[in-house]
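Let me begin by presenting the structure, written as structure tokens, before commenting on it.
The values are calculated or read from the model by the stated rules, or taken from the named source; none is laboratory data. Since the model is a prediction, treat every value here as computed from it, not as a measurement. Here the Cβ is made from the backbone with ideal geometry for all residues, glycine too, and neighbour counts use every protein chain on show. Ligands, DNA and RNA are stripped out before the accessible areas are found, and what is left, the full protein with its side chains, is counted by its heavy atoms. Shrake-Rupley method; radii C 1.70, N 1.55, O 1.52, S 1.80 Å.
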Amino acid sequence: MIAMRMIEAITIYLAAGAPFGVSYYLRREGRKGRASALLGSSWAMLLWPVAAATAFLARKRKGEEETERESAALRIEEKIEQATRQLMAMLFRVEELAWALPVRDGRRSERVTFVVRECVERYVGLTLSARDASADAPPTTREMELCRVAGRTGEDLRLAGRCIHRRNVARLLDHRERARTELLHALAELREWSGDAPAQECHTVAARHTSVAILRVYGQAINLLSLLEDEAAVRKVARLLDAECARLRRLEAASPGRSQGERRAEGEEPCTPHTPRLAFIGPSQTSPLTRG
């Protein structure tokens, strides 16, 4: 009776360990060879409590890493959304200040700021969509559906799905590059519409305020593009910022009678040259032009 119970206990123990042995063999056969995988699976079946604890800890650690990556990605997306909202608010401010200029410039500013806002939304959306896109990733079920309906099966179906997936990724990247170019052109046009400072003193004051607002737009655009990890675009916007700084200095020179205190009272900030090597701002940093 005792021998029968011992045999039953051993049978139950080995039956419980068999799935762990098979799992070990299937995971290690291609990497370590069949003989090594067979030997390791035998030990995993005999010592299945240890194998179960190891698998549990590995899965738990993998889940924690995935959760941490998802949390980091979510934090970055929240920062991008906040930077986008701030940029939109600054563009509305530029449009509001531009109406103190001649009517022709005010109407043109409304059109230009609308184009910039549209380009920002399109570029941010495409960049976030293309962030996880990879031409080497397997095709989705939706991408393979048309080929399946056409009668393709097996390896032919998978090959057609990969071709469609690569074409879709290439199109997405092309759309993103086009949106990036349009955004940079729109930001460049933002400072071109104002032209030289008008001769009237009231228009000169309005032009100064508008120039300061445009500087803040460029500073926030640098912050947003840095969060999107587009270093080349950051350098180009930094050059626009330097050009606008030079224009603001010319406007300040046109009214030399104002004191520094009067400039602070009007809400203006001192303009300092911007060096391209400091243009790229990391996600944890903030552009000095976006403060306040």
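Before moving on, here are some points about what is shown:
- At R0 = 41 Å, FRET efficiency that the Cβ-Cβ distance of A16 and E145 yields, to 0.05: 0.45
- Among 163-170, 237-244, 40-47, the peptide with the highest mean count of other Cβ atoms within 10 Å heads the list, and the full ranking is 237-244, 40-47, 163-170.
- Local net charge near C147, Cβ-Cβ under 13 Å (Lys/Arg +1, Asp/Glu -1): +2
- Region 85-164, accessible surface, carbon-and-sulfur percent (1.4 angstrom probe): 56 percent
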